[in-house]
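Scroll down for the structure; my scribbles are underneath it.
The values are calculated or read from the model by the stated rules, or taken from the named source; none is laboratory data. As the structure is a computational prediction, the values presented were derived from the model and not from experiment. Heads up, the Cβs are rebuilt from the backbone with ideal geometry, glycines too, and the neighbour counts pull from every protein chain shown.
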Amino acid sequence: MKNLQIKLAARPQGMPKRSDWDIATPETTPLAAGDVLVKIEYISLDPAMRGWMSLGKSYIRPVDIGEVMRAGGVGEVVDSQNDKYKIGDKVTGGFGVQQYFHAVGGKGLTKVNTKLAPLTTYLGTLGMVGMTAYFALLEVGQPKAGETVVVSGAAGAVGSIVGQIAKIKGCRVVGIAGGADKCAHLVQNLGFDAAIDYKNGDLKAQLRKACPDGIDVYFDNVGGETLDICLAMIRMHARIVICGAISQYNNTDRIKGPSNYLALLSARGRMEGFVVFDHAARYGEAIAEMSGWMKEGRLKESFHIVEGIETFPESLLILYQGDKTGKLILKV
């Protein structure tokens, strides 16, 4: 079978463009003993992809020129020479941006239970997105009942789950998002106590009004000026979770760091980075607890689904243009 693949052709300068990608259509190869062939149904589109395209020190090696673009995915086993996987099994893994994934020796596959949740949920709440929100907030942010938690990028995949978990833990939650519709979604559908539209008015003034006593936990998905403003408002022993910095990913010059970092000294605060893979041994624990919250109706999810693997170069840009709410997924 033909396997349409999206490969990295050049390292982007600024925002990725279509010429940074090549399309290949090789034939799938026969399976050897132990191998599994997966037909990919959905691909996860994540802000971290921009970092994976660039050279430089990071928590994971960059995607090589000519390599299939790295991405998480879910799909169905369509051929198997492995007793652990039968045709029809639903699986997830780091499949890349392509139509088929050849799992040599069955490596890189995890079975998922679609009776527990829809397949897309394993790219959202019960996937890397949910694992990130759960462990970054609870292990690094360590929220306590009654504290004020502020989340930037709050209408995005991770931010929307972070805010809901903070509410479950008894916190007052304020989300920062772009646009009136997103802010209404956070408050009316997800239960945030307040939402601030950074595109409408003075962000600093709005935050001071929403958080008159300051910030105990700031969950940062955007970096830049928003991080600086929140640093200036932290309370004693505040925790700042550095999960992402989407405002900085496509810079063509130097990344802007926080100028208000001395607030950490006076408040005896802590700012700590987070990488989800560090908690891989405990994913099962998070899945069990979050699936329980979902059954109880306490944890909701939303998706923005785009169709057609050939649309990947343009669909990826939705992440950086703010034109979506919830988890961005590409339907193959």
All-but-one check, ILE229 against (1) surrounded by fewer than 22 Cβ atoms within 10 Å (Cβ to Cβ); (2) in contact with a Lys or Arg (Cβ under 8 Å, 6 or more places away or on another chain); (3) in a helix (DSSP H, G or I), failing number (1)
Scanning segment 83-98 residue by residue, the ones that are touching a helix residue (DSSP H, G or I) at 6+ places or on another chain (Cβ under 8 Å) and crowded, with 21+ Cβ neighbours inside 10 Å total 4
Over segment 92-121, the set of residues touching a residue at least 40 places away in the same chain (Cβ under 8 Å) and under 19 Å from the mean Cα position of the chain (by Cα) is GLY93, PHE95, GLY96, VAL97, ALA117, LEU119, THR120, THR121
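Among the residues in segment 282-293, are any of a type outside the set (Lys, Arg), in contact with an Asp or Glu (Cβ under 9 Å, 6 or more places away or on another chain) and either part of a helix (DSSP H, G or I) or outside the structural domain of VAL97 (by TED's automatic domain parsing) (or both)? Spell out how you get there, then give the answer.
The first filter runs over segment 282-293 and keeps only residues of a type outside the set (Lys, Arg), leaving 283-293.
After this cut, where a residue has to be in contact with an Asp or Glu (Cβ under 9 Å, 6 or more places away or on another chain) as well, the list is none.
For segment 282-293, residues of a type outside the set (Lys, Arg), in contact with an Asp or Glu (Cβ under 9 Å, 6 or more places away or on another chain) and either part of a helix (DSSP H, G or I) or outside the structural domain of VAL97 (by TED's automatic domain parsing) (or both): absent.
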Taking segment 3-39 and the residues there that are acidic (Asp, Glu) and surrounded by 13 or more Cβ atoms within 10 Å (Cβ to Cβ), the one that is farthest from VAL91 (Cα to Cα) would be ASP20
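Restricting to strands (runs of 3 or more DSSP E) lying wholly in segment 142-198: which have 2 or more residues that are within 20 Å of the chain's Cα centre (by Cα) and either at pLDDT 95 or above or charged (D, E, K, R) (or both)?
Passing ranges, in order: 148-152, 172-177.
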Filtering strands (runs of 3 or more DSSP E) wholly in segment 4-89 for at least 1 residues that are of a type in the set (Asp, Glu), touching an Asp or Glu at 6+ places or on another chain (Cβ under 9 Å) and without any contact (Cβ under 8 Å) to a residue 40 or more places away in the chain gives 73-80
If we keep only residues of segment 199-225 that are under 23 Å from the mean Cα position of the chain (by Cα) and at pLDDT below 95, then the residue farthest from PRO47 (Cα to Cα) is LYS199
### Query
Would a scan of segment 283-296 turn up a residue that is over 21 Å from PHE135 (Cβ atoms), in contact with a helix residue (DSSP H, G or I) (Cβ under 9 Å, 6 or more places away or on another chain) and aliphatic (A, V, I, L, M)?
no
Taking segment 54-75 and keeping only residues that are surrounded by 15 or more Cβ atoms within 10 Å (Cβ to Cβ) and either in contact with a strand residue (DSSP E or B) (Cβ under 6 Å, 6 or more places away or on another chain) or at pLDDT 95 or above (or both), one is left with VAL63, VAL68, MET69, ARG70, ALA71, GLY72, GLY73, VAL74, GLY75
Taking segment 99-123 and the residues there that are hydrophobic (A, V, I, L, M, F, W, C) and not in a loop (DSSP other than H, G, I, E, B), the one that is surrounded by the most Cβ atoms within 10 Å (Cβ to Cβ) would be LEU123
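Okay, residues lined up against (1) surrounded by fewer than 12 Cβ atoms within 10 Å (Cβ to Cβ); (2) closer than 25 Å to SER54 by Cα; (3) in the same structural domain as VAL140 (by TED's automatic domain parsing); (4) in contact (Cβ under 8 Å) with a residue 40 or more places away in the chain:
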site	(1), (2), (3), (4)
GLY244	no, yes, yes, yes
ALA267	no, no, yes, no
ARG270	no, no, yes, no
THR311	no, yes, no, no
GLN321	yes, yes, no, no
GLY326	no, no, no, yes
Exactly one of ILE87, ILE65, ILE40, ILE60 is aliphatic (A, V, I, L, M) and under 17 Å from GLN13 (Cα atoms), and that one is ILE65
